[in-house]
Each structure stands twice: as C-alpha cells, then as structure tokens.
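Below is one structure; the comments refer to it alone.
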Amino acid sequence: MEYARTEHTTKPRARAAASSRAAADSHDQRRDEESQSAAVHDGGEALPHREGAEELVECARNYWKRRPWSKYFLSDAKDGKKRWNGRALLLAAMAVLLVVSRTYRYVHAARIQRLQLLEETGGLSVAETEDVIVEAEDVAKAEEAAEKAQPEAVAVEAPPNNTATTTTVDGDDGSILASQCGVLVTSQGGVGSSAFMKQVESLESLTLNFPNDSDKFKHKPATYWKYHDKHALVGTLKLNGSGRMGYRTIKVCFKKVLVIIGDPIHTIESTYRRFKTTHLNKLRTGSGRKKYAKAMKLAAIYKGIADKGEDEVGLSHYISSWRDAQNDREHWPEIRLVTSKTLYNNAVDMARWIGVTGDDLKPFESLSYQESKHHEVEVKGVDAATMEKVKGVYQGVVNIVEAVDKGT
C-alpha cells in the first residue's frame, strides 16, 4: 500500500491531517487520470465513475493507518511505502506461542495431577461417579477435575481418634471389611441431630462422622455413596498435610447408618433462618441441581417450588434415597430411619444400636424430645395459595416421615 510523504510537523494531529490531505489529493489525481484514459479508450466518452466502490477500497487501504497500534506493525520504507515490521510481527507471534504453550502445560499438568490423585484414591472412574458440585471458592482446575472423579472429600486438619478410618476396605471375596468401620449419622437438617451426635462423639469407644459436617458426610443422600455392600459403605476423606497438592486422602467406611428425618417445611424454615441458602444448597446439590444464589429470598424458593410443582430443594431425593437403600439389604449395610421424636424418646436404645455399651449409655438417659423446639413454624411473606402448593409437593415426603414415626 502506498501513501504520500508529508512534511514533518511538531504536532501529531497536524502531521496526520497533512498526511490525510496529501493522500486524498494523490487519490483524486490518480482517479482523474484513470477517467481520462477510460474516456479515450471508449471513443472520447468517459465512463460513469463508481464513487462507492472507490471509497470502500480507499477505506480498506487506510485501515492500518487510522489505527494507533498500526505503528507497531507498519513502518515507512525508503520508497515512501508502508512495509510490514517483521520484528514486531515476530515478537507478536512469539507472544501467542508463549500463551498457547503455557496453557497446554497447565492443562497437561492438571491431567497428570488428576491421574495421580485417582491412583491414590483407588482409581475411581469418572463414569462411575456422580457430578459433585464442590462447595469452595478459588479452587484449582486440577482439584475440581479430581473432585468430580471421586466422592467429594473435604480438607480437615486431622481425624480425631474416634474417626472412622481404615486402610483396608476390600475383603478376599471383594466385599468390604467392616471390622474397623464406624457409624454414619446423617440427617436432612433442622431435626436436632447435633445434640445426639455430640454425645456420641464424646465417647472413645465409637467412631462416627463429624457432627459439624467438616467431612461433608452428614447431609449426603444415599446416592452419593457409590461404593457399598451389605457390610459397609466407603467414602474418601481429604486431610491437610503432605502430598503433591497439599493434602493426602484416606478411605473411610461406615458399617451402620442412622438417618434422622422430619417435616420438610420445618427443615427449610429452620435452616434458612440460621444459614440462609448454605444448608439448602447441600441438599440441592446432592440431588443434582445447581446451588441457589446466596442472596435468594425464602419466598422466592417457595415460589419456585410452587410454580414447578416439584421439590427443588432436594429433600424428597434425600429421604427417598435412604428409604430405598434401607429396603435393599443385599447391597447396603444396616440402615435405620428415625424421626427426632423417636430418636430422643428412645436415645438409649438408639445408642445401643449404633454400638454404645456399658456405662457409656448413661449420658443418653438424660436426652429427651423437646416439643417446643419442633413446633410447626409460621411461614411469613408467602401467600396461602403458594404454601398450599408447596405442602402438596412435599405430601409424599410427609407420608414417609409419618410412617417412620409410627414404625411402619
């Protein structure tokens, strides 16, 4: 592309304006000469001038000139033409290659770390596990990939002495060895399970999951546990410490499961009042849904349930999954579903069932069901018609809870 030379000016804008005027004059002169030549060729009659096409071509020719960053890629040659700056283009190409190579190295390293982590945790396959939504921020891509390929594991400082851990979970016949396994106490939330769990945690004779849910096992549905048989179920726990990614993993197993359930609407109201959407998101992601926004209002949650006519929180999935697992004794260990009322009115019997013996049973004698803590909640900010639809959605769950409470 060719541009007319201009006299040097002290100001860039004046220099650019002079250059533009010179280019325009040169263009007009060249266009007039072409018109004259065409007129002679056609018997002295000039052809019509194509103003639009010429302007478009000129616009394309001046494209690089009008861009302030074009000076890095174009330079003036001795013949007055603009030439590509080979050095600048080479540097730009090298920068692009650097970005591509760094991206490839990162992706490759993430894949290697994922494979190593899978090897450490027993070679779990992506196809064999559910898509787990990890509750954390600023997590590396490699760690996210590893989390999706194994049951969710959460970093804790160190397992207490009575945490259910084992290094060998496979028997000679492929079954799970339950001799070193503990007890899993799980609940839907808002049903008063923490008091019972803390009492059990104080005992050194029994192993169980963390009452504060730091291992993320307390509110998981049965569908979360992919490795189980009639002896026990197995999960993975991530511990802060040594390892390529700053932690190490161990396998944990549970030979009995105590599932505490209750009124679904009470659970929503109680947990939202204390934790907003944090707890509800545990149930929601457990059923395969995305998390609620942190600022989402309770009225909006109820409206979503009423409008779609289905449980969007995940309570139905949680309760029905454990109910189905309880009825499948061939592939699941011992599972007992109880309500809060049954649990605390029979605390000694429940403690004995999970493995508490002797004098350790005495503290459970003081536990009892507190009716005042489980009264029917008053829903505010939601119209009666919406709440009737919500109650209709959860009627099947309520029927299961009532049947469990009656022992049927």
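If we count every other residue with Cβ under 11 angstrom of V404's Cβ, Lys/Arg +1 and Asp/Glu -1, where does the sum land?
Summing Lys and Arg as +1 and Asp and Glu as -1 gives +2.
Order the peptides 264-270, 253-259, 274-280 from the highest to the lowest mean number of other Cβ atoms within 10 Å of their residues. Write out the running numbers ahead of the final one.
Working: 264-270: 22.3, 253-259: 24.0, 274-280: 17.3.
The packing order, highest mean first, is 253-259, 264-270, 274-280.
Would you calculate the separation in nanometres between label points at D405 and A295, each defined as 7 Å from the Cα along the Cα-to-beta-carbon direction?
Inter-label distance under the simple model: 3.8 nm.
Checking the table K220/K291; K341/K389; K230/K251; K216/K290; K216/K406; K282/K303 against a 23 Å threshold on Cα-Cα, which pairs fail?
K341/K389; K216/K406
Could you rank the peptides 312-323, 224-235, 388-399 by their average count of other C-beta atoms within 10 Å per residue, with the highest value first?
On the way: 312-323: 22.8, 224-235: 20.6, 388-399: 15.9.
Those peptides, ordered most packed to least, come out 312-323, 224-235, 388-399.
Throughout, read-outs are computed from the coordinates displayed, never taken from laboratory work. Please read these numbers as outputs of a predicted model, since none were measured by experiment. Every residue, glycine as well, gets a Cβ built from its backbone with ideal geometry; the counts of neighbours run over all protein chains shown.
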